[in-house]
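The values are calculated or read from the model by the stated rules, or taken from the named source; none is laboratory data. Remember, predicted model here, so these are calculated numbers, not experimental data. Glycine gets a Cβ as well: all are built from the backbone with ideal geometry, and neighbour counts include every protein chain shown.
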Amino acid sequence: MIKLRYLVTLAAVLMATSCKSDFLTGGDLSTDPNRPSAATANQLFAGAEGAIWALLGSDPARVTGMWARQFAGGQNQYQSIYNYVYDEGIQSGFNAGLYAAGGLVDIVHAQQIAKGEENFALLGILQVQEAITMGTGADLFGNLVYSQALSGTPNPTLDDQLVVYDSVQKVLSAAVANMATTDATNSPPTAADLVYFGDTNLWTALAHTLKARFYMHTAEQRPGAYAQALAEAQLGIDSDGGNFVGAFTSNAAEQNFYFQFEVPAGRAGYLIADPQFVALLAGRNDPRRTEYFNAAGTRLSGARLAPDFQQPFVTYDENTLIWAEAAYRTGDQVTALAKLNEERANHGLAAEVVAGQALLNEILIEKYIANFQLGHEAWNDFKRVCTPNFAPTQAGQKMPARMYYDPNERLTNTNIPPAGQGFNGSRNPDDPPNIVSDGTGQPCQAG
Amino acid sequence: MRKLLLSAITASALTASAAFAQSGTTVTGRVTSDAGVPLGGATVFIAGTNIGAQTNDDGSYTFVVPAARATGGSSTITARVIGYTARSVSITLTPGATVNQSFSLPINPFRLGEVVVTGAGMSTTREKLGVTINSVDSALIRRAAEPQNLISALAGKAPNVVVRTQSGEPGAGASVLIRGAASLTGTNQPLFVVDGQPIDNQTVSTAFLAVNGGSLGDRQGGTATPNRAADINPSDIEAIEILKGSAASAIYGARAANGVVLITTKRGHVGPTRVSLSSTVNFDNARLVDFLQHDYAQGTVAGGVPDAVATCGDTPDCAPRGGRTSWGARLPAGTPTYDHMHELFRTGTTADNNLQVSGGNERTSFYSSVGLTNQIGVVEGPNNKYNRASFRLKGTQEVGSNITLSGNFNYVDARGNFVQHGNDVSGLLLGALRTPPAFNNLNFLTERGLQRPYRFPNPTSVEAFGCCAYYDNPFFVVNSPGNRSELGRTISNFNVDWRPLPWLTVKETLGGDYYSDSRLQALPLTSANDAAGSVIRAEQTNLVIDHNLIASATGSRGQNLNGTFTIGQNLNSRRYRSLSGQGEGLIAPVPLAIENTVSQTGLEFKSLRHIESYFGQGELNLYNQLYLSAGVRNDGFSTFGASQRRHNFYKASAAWTLSSLLHGGDQTGLLSFAKLRAAYGETGREPDVYAALNALSTIVQFGSGYGDALKSSVGGVPGITSSTRVGNPALRPELQREFEFGGDFGFLNQKIDLSIVGYNKRSNDVILPITVNAGSTGFLSAFRNTGALTNKGLEVALNARPFTSQNLAWEVGVQYGRNRGNVTDLGGAEIFDLQEGFGASSAEGADVLGYAPGVIIGTAFVHCGRAIQIPVPGIAGGLVAQDIDALCAATPGGFKNGALFLAPDGLPITDPQVRVLGDPHPRYTMSYTSSLKIMNRVTLSGLLDVRKGGDVYNGTRGALYVFGTHVDTDRRSTQGQYGVNYDTKKYPDVAGPGKGVVGLQTPEDWERWMSIVGTGGGFSGPSEQFMEDGGFVKLRELSLTLNLDQPVLKRLTGFSSLDLRLSGRNLKTWTNYRGVDPEVNNAGSEYLTQGLDWFANPQTRSFVISFSLNR
């Protein structure tokens, strides 16, 4: 009988321990104590901002800077890339980065939060982030997964580059509209926004400049785009204070990418000044010769290599020159010249008096100079207008006009063609052969 | 109770037996084998009680039966010892009398009738086993002469148990692979269980814990790293059971994919208190191979390859400038040269002292021990040592008539000082072996007290080092005090063994394993790796709590049917934390501490894992010859995905003692024993902690592969992103299914025994990080249960006892194991790069379809018969691709498939495709053991360890070609021709237009070929050239034991016996491997891929003197 009692006790103990059903869940078992499980829209906004600065300031900017012949490749991989020897590994994941951490996945997540909080000002700002990310993606890679992005669909289809630009324009229009709302629930990021401190007017101006920029990228296909760009530029960034920059600091892993590349990453000598560009600046007695480069004209200037250099990515200068070119293209040479001289005055340069093709050339060369290190924008213009029509580094070859897709993206999506085939590795099939030149009489050697 | 405890203590007095003799019965006698060999350590006890004693080394025993039981009736007394069949006799216990009873036991090679621990608190007798469990007992561990690491002691002890020790450094980790790797990633180490309690056996290098050290590459540098099972004092171990296959280890479910090592520590035995004091001194020296040249000076051959980054410029710091290489002129006769290898090593010593006191009576037993191991390593200098102090107290008390309580407390303090090594410019051999022969590294400091490396011999200031020390002077390295570890650990458990009913047993084990491990890894000012100096401090704590409760019922129906049924519950909690801080830029030269640095960063990681499992197992014994067993474990792991929270693992086995039908099963005759067995089992491996969860990230950085990276939080603004790897809530455990078949046979009255086992293990659902489409998902990768592989193998053990007489007992044994791993699915890919090594363009660990896990891939030369079409220099057409096989076919005299292709200049060219270069897994392993006991006094035993095959990447040789310090570069004044007199062993057959052409004619040719940009050197040439056969034969152990148990000894010392042992470990190695040792591995037990040698440190051989006094 005593033994029976023992057995009952034992059974009770067993049941007591086994009924503790939460032994496998809860606390640090179901939540990773090393990683946050939730974020505010502002925190996701800040993360996405870092990703955008990288897209505009890290390898894509350096590589396209070489292809646009503003930089040269001094050694190792960069020497090869400068001479058009490169493979699908060169963009180091920036293609996949459009969507992953800090990319579309987080921007869309933040937009959902902002929408839920009826914070339309922040929603608009996040839409500008989406547009700059995907628009830049279209600039760099051409056709892109966008309409089916993040859908979970296996082998998502690629939207035509022009369709991506159209989508981006819509997102920017929505952004402008959202930022114009005056709901009491609006709360733009202030301290979290190191560029504009939540000033929706500045973000709205940026949105208009971006619209103008992306319209310009479609102008080869759509002559009407110049008029659209003109209209947007008139609402765009109107002073240097409105420039969209990378707010880098002197702290480790917060510094300007060009500094990081040279110093902590130890790649000094990889990215050097292209002598043709230095000569162009010197020949025009342009003060930016020494603003951009060191005295010897071999590498970036000390100011541009400062760890906390606030690297500009979208500027008043660019907006002014888009305005100038768009005015010219739409037949308004007076405004074109005025805007050219407005930009020159911003750099202490004397006003010019030119007209006709010479005026266009002057606008384009001025823009080529002003857009130095502006992400990849100098290369975008260079592909479109071929001005100045520098010779390719490899005689007989054309300057690369697209970056390859990430090999991991290609291997996991049958709609992405192998590197070097189809529409990747050169210009898109719908890009017309570009014969516009700077008047040197040579055919365009871009793309 | 109190009285009983007291009596246990007073029993230690020699007079104890006399005190009781008045009223009890004294039983005394001797236990020998049936051939007359005395059997020490045998227990003699009254059946059904705990009254008894253990025999001394001369086989004698004495115990007193208390008066209460000595009532004139008869009792059965039994003598039992491992390896012999127990015998029982009936004696009469007359009060006050002395009974003289000796035993003669027959040999029992299969240990039939002996209890074997099968895990999760269960045990059975060995004849019932249908699975393979290899036992290693304490005598074998002690003979291994390796007090430092119990894993190293397992080398050669069981077939298909392949042990590798990282190096001979004190505190170096060891890894063990049982029946190959069951998984495609991770280190595939078995689960370690001590006295029923799972313990932690992680190997975590300090670099891995550091902020910037998380990349796998760093684990090849840094310092030696202990594996935590090495904290167990081998002297405390009674026996180790190795559960090899899934059939044996299924009771441990999702933690047992790679087998289980069950360690049972010593316990107290009934009888007088035994005191054993043992002292062992090892004299260790490094096994050194001289592969350096001593004839040529620092410099570049005139007309050779320009040494562009050879010097630090024209500063006085660099004078005399000689460049980095030793491709200079022949040294004038009489120039003093230095032996850069030998000068770094000395004779190390290991002192291992153990005191063990144990004893017990019929209700109480205890075991206590204190162990102290002081190891001073073989590397010169003060920073090469490892000390371990441990104590243990284990006690058992019977409470009432059916409850036994026991407790086991173990505390370990381990601390070491290390020297940086391996793939590390501040590592020991990297700088040493690159040094030109005439440069004196011994003067490692300048007059100003600054480091003096050979490439920067006259530094003017600390700051000047920022430019170009390149490699540290090895004597600067050995004197750097900044690498330490300090560990405190306790492993304790509490057990209740309750027999509420005669047929029911309930056992509970509650155990805790806690350690705190503190690390320091620092680089002083002027270090080549970081001239400004840096400090890593890391702390890790680990807590394992395990509860295991079983209830076991036995029953029988008649004589020929009985069975056992067991159910159990296991709850386990593992909590791990690491915290590390890294300081950059030393302010003052010392202290090497974080607060003395300019900037600091920190990192923290923590995890918690729970297991809740239930298991049941039934055993059926039919006619005492057919044994059936089946079981299931239902595992719930917090690491399984939410939708896959529980998983079942099944097992079943059958064993049939065929010989029961022969001669009535009396184990005599030509075929004296035969048993056939078959088993099936399932085990698993759990996913990484938190791999099933989705979470955001604060540590994603944005930038390129060149090293520019931006945090997500810039300027103090908090930024959060999603993680790049998506959590997989459907993640389930990897699943191993294994069939094994075997037989155990005894011949010639059990003079010969033979065991054969074959197995086939299939691993499915193997977890791999798979690349996912970012455009579609927003993530870069995901863990998926997608891989598969198989391991098939054969194990044979054969032992013979040709002589078993009292004066001469000789045993010989041979063990053979082979395992073939084969990766069958990598989630659709052909190669999964483990990123263990030096990059796929050099030599890197990878899983490749059709090969064993963890092969070495890399670059190779072009060979005939591989359908390669590439341009060939020297053949008209410039960059036009040539059909290599056509060119091979055009060779006069034809070609052999696989022949090395030679271009017109007589030299091979590089294959652009990455190839599998070698498989580090051995083709088979064998060990030979022999033990000879003469006159019961002297035992001579040896272990020969054979590893056939197993490739090693000798990256050291490749690098030293470039530097011109390798002895192979000594032939630079002679001509070299592939296929004739250069590398002919590696490439016996050559073909192509260059066959017959002397490719290497002048020193310039040699230098161009072997240089930093040359195809024959280790930096840009194919790694295939440096793949070597890592097979070896090692005289692993040789020992001579002298046993003295003369009465005179007892009279003089009070001790009853003295063992004196002279032994050696790794005394001799026969190998074709040309590096320091074929067993080396840079990252030790942190990599799946073995066989990577990049300036790894040598192994040691030890000469051991030990004595133990027993009472």
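In table form, for the structure just shown:
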| read-out | value |
| --- | --- |
| Residues that are in a loop (DSSP other than H, G, I, E, B) and of a type in the set (S, T, N, Q), drawn from the range B:879-904 | B:Thr891, B:Asn897 |
| Residues within the range B:338-373 that are of a type in the set (Lys, Arg), under 20 Å from B:Phe1103 (Cα atoms) and in contact with a strand residue (DSSP E or B) (Cβ under 7 Å, 6 or more places away or on another chain), tallied | 0 |
| Residues being charged (D, E, K, R) and touching a Pro at 6+ places or on another chain (Cβ under 9 Å) - total across the range B:531-547 | 1 |
| Matching helices (runs of 4 or more DSSP H) fully within the range B:381-485 where at least 1 residues are at pLDDT 95 or above | B:428-434, B:474-478 |
| Answer from B:Ser1023, B:Ser1057 - the residue that is among the small types (Gly, Ala, Ser) and farther than 30 Å from B:Pro920 by Cα | B:Ser1057 |
| Test: residue in the range A:254-272 that is in a helix (DSSP H, G or I), crowded, with 18+ Cβ neighbours inside 10 Å, of a type in the set (S, T, N, Q) and within 14 Å of chain B (Cβ to nearest Cβ) | yes |
| Any hit, the range B:749-762, residues being more than 30 Å from B:Val37 (Cβ to Cβ) and touching a Gly at 6+ places or on another chain (Cβ under 6 Å) | yes |
| Criterion: out of contact with any Lys or Arg (no Cβ under 7 Å at 6 or more places or on another chain), at pLDDT 95 or above and not in a helix (DSSP H, G or I) - qualifying residue of B:Tyr928, B:Tyr961 | B:Tyr928 |
| Single residue of B:Thr1002, B:Thr965 found to be of a type outside the set (A, V, I, L, M) and surrounded by fewer than 23 Cβ atoms within 10 Å (Cβ to Cβ) | B:Thr1002 |
| Helices (runs of 4 or more DSSP H) lying entirely in the range A:348-423 (those with 2 or more residues that are at pLDDT 90 or above and over 30 Å from B:Ala782 (Cβ atoms)) | A:356-370, A:377-385 |
| Given (1) within 14 Å of another protein chain (Cβ to nearest Cβ); (2) part of a loop (DSSP other than H, G, I, E, B); (3) among the polar types (S, T, N, Q), number of the condition B:Thr601 does not satisfy | (2) |
| Filter result for the condition that a residue is part of a helix (DSSP H, G or I), within 14 Å of chain B (Cβ to nearest Cβ) and in contact (Cβ under 8 Å) with a residue 12 or more places away in the chain, over A:Leu172, A:Leu202, A:Leu162, A:Leu126 | A:Leu126 |
| Residue selected from the range B:493-522 under the condition of a type in the set (Lys, Arg) and within 14 Å of another protein chain (Cβ to nearest Cβ), by the criterion surrounded by the fewest Cβ atoms within 10 Å (Cβ to Cβ) | B:Arg499 |
| Lone qualifier among B:Thr657, B:Thr639, B:Thr683 - being crowded, with 20+ Cβ neighbours inside 10 Å, under 30 Å from B:Leu243 (Cβ atoms), touching a Pro at 6+ places or on another chain (Cβ under 7 Å) and not basic (Lys, Arg) | B:Thr639 |
| Qualifying position, being without any contact (Cβ under 8 Å) to a residue 60 or more places away in the chain, surrounded by fewer than 16 Cβ atoms within 10 Å (Cβ to Cβ) and among the hydrophobic types (A, V, I, L, M, F, W, C), among A:Ala295, A:Ala336, A:Ala324, A:Ala306 | A:Ala295 |
| Qualifying positions in the range B:729-754 - in contact with a Leu (Cβ under 9 Å, 6 or more places away or on another chain), within 28 Å of B:Ser246 (Cα to Cα) and part of a loop (DSSP other than H, G, I, E, B) | B:Pro729 |
| Subset of the range A:347-356 [farther than 9 Å from A:Ala370 by Cβ, surrounded by 12 or more Cβ atoms within 10 Å (Cβ to Cβ) and in contact (Cβ under 8 Å) with a residue 40 or more places away in the chain] | A:Leu349 |
| When residues of the range B:238-289 are limited to those that are of a type in the set (Val, Ile, Thr) and in a loop (DSSP other than H, G, I, E, B), the one surrounded by the fewest Cβ atoms within 10 Å (Cβ to Cβ) | B:Val289 |
| Qualifying residue in the range B:755-776 (condition: out of contact with any Phe, Trp or Tyr (no Cβ under 7 Å at 6 or more places or on another chain), within 14 Å of chain A (Cβ to nearest Cβ), in a strand (DSSP E or B) and not charged (D, E, K, R)) | yes |
| Residue match in the range B:975-984 (condition: of a type in the set (Val, Ile, Thr) and within 30 Å of B:Arg1036 (Cα to Cα)) | no |
| Residue in the range A:101-116 that is away from chain B (no Cβ under 13 Å), among the hydrophobic types (A, V, I, L, M, F, W, C) and surrounded by fewer than 24 Cβ atoms within 10 Å (Cβ to Cβ) present | no |
| Identity of the residue in the range B:777-800, under 23 Å from the mean Cα position of the chain (by Cα) and of a type outside the set (Lys, Arg), that ends up farthest from the other protein chains (Cβ to nearest Cβ) | B:Val796 |
| Filter result for A:Leu56 (more than 7 Å from chain B (Cβ to nearest Cβ) and either assigned to a helix (DSSP H, G or I) or within 12 Å of the chain's Cα centre (by Cα) (or both)) | yes |
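Conditions tested, residue by residue: (1) more than 30 Å from B:Lys1068 (Cα to Cα); (2) buried (at least 21 other Cβ atoms within 10 Å of the Cβ).
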residue	(1), (2)
B:Gly906	yes, yes
B:Thr956	no, yes
B:Thr969	no, yes
B:Gln975	yes, no
